[in-house]
1. Taking K and R as +1 and D and E as -1, what net charge do the other residues with C-beta under 10 Å from the C-beta of E11 add up to?
2. Taking only the alpha-carbon positions of the chain and ignoring solvent, what does the Debye formula give for the base-10 log of I(q)/I(0) at q = 0.13 Å⁻¹?
3. Per-residue HN-Hα couplings for segment 60-67, Karplus 6.51 cos²θ - 1.76 cosθ + 1.60 at θ = phi - 60°, whole Hz, x for Gly and Pro?
4. Which net charge results for the neighbourhood of L55, defined as the other residues with beta-carbon distances under 14 angstrom from its beta-carbon, given Lys and Arg at +1 and Asp and Glu at -1?
5. Checking the cross-link filter: which lysines have an alpha carbon closer than 21 Å to that of K52, excluding same-chain neighbours under 8 positions apart?
Amino acid sequence: MIIDLRTVSDEPRSLDLVFEPSWWVPDEKDGPILGLAGPLAVSSKVYRAGDKFVLDGRLAGCVRLVCDRCLEGYFQEVKSEFKLFYVLE
C-alpha cells in the first residue's frame, strides 16, 4: 500500500483493506507459517500529528501454521493492534 503523505491532514482518514489468502507467499518452503487460512482484515486510520504521520489500526484473521514439536498443521486466530509513526527527515 502506498499513501500519498501530501494528502494526509490532521483529521484521521480511514484505510480499510482485506488481504485474500493468495496474497501471502511464504519466504521459505517448509517454514512455520504456511499461509493465511482466510481473509486478513486491516482497519486503520492515518493522520498528521505535528511533524509526524501516524498509522493507527488493527488486523484480524487466521493463519495456517506447523507445530515445531509434532509437525502437524493447525490454525491460529490472529488479532493485533498497531501504531506506526513516520517522521520526515
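1. It works out to a net charge of +2.
2. -0.57
3. In residue order, the calculated couplings are 8, x, 9, 10, 9, 10, 10, 5 Hz.
4. With Lys, Arg at +1 and Asp, Glu at -1, the neighbours total +2.
5. K52 reaches K83.
Each value in this text was obtained by applying a stated rule to the coordinates, not by laboratory testing. All figures in this text were calculated on a predicted structure; none of them were measured in a lab. FYI the Cβ positions are ideal-geometry reconstructions off the backbone, even for glycines, and counts take in every protein chain you see.
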